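Here the structure is laid out as structure tokens; the discussion comes afterwards.
Read-outs: derived from the displayed coordinates by stated rules, not from any lab. Bear in mind the structure is a predicted one, so any value in this text is a computation, not a measurement. When we count neighbours, we look across all protein chains shown, and the Cβ atoms used for this are built from the backbone with ideal geometry, even at glycine.
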Amino acid sequence: MLKTLRGFKKKTYVGYTINLKNRLSKHNSSIGAKATRGYQWKIIFSKKFKSKTKALSYEYFLKKDRKKRLSIIESIINE
């Protein structure tokens, strides 16, 4: 999960990748997903899966469950 840096509108983004560093670099250079263009991002949560199917299922779950995304953000803030 990505979160915008300070100075930008507060947004989060959830997506699947096999190369986290490369994907973040693309998002920050406005080459990544359309929803991420024009913002600077930082990684706030990542999770590894043994299969692409499981990873995409979890991505879908996070995209649809706003409460779960907010609970992840809250747990990071409270660390």
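How would the range 34-79 be classified by its alpha-carbon gyration tensor: rounded, prolate or oblate, with rounded meaning a/c under 1.5 and the a/b versus b/c comparison settling the rest? Oblate.
Expressed in Å, the radius of gyration and Dmax of the Cα atoms of the chain are 12.5, 36.
The calculated FRET efficiency for the pair Ser25 and Tyr60, based on their C-beta separation and a Förster distance of 30 Å, comes to about 0.80.
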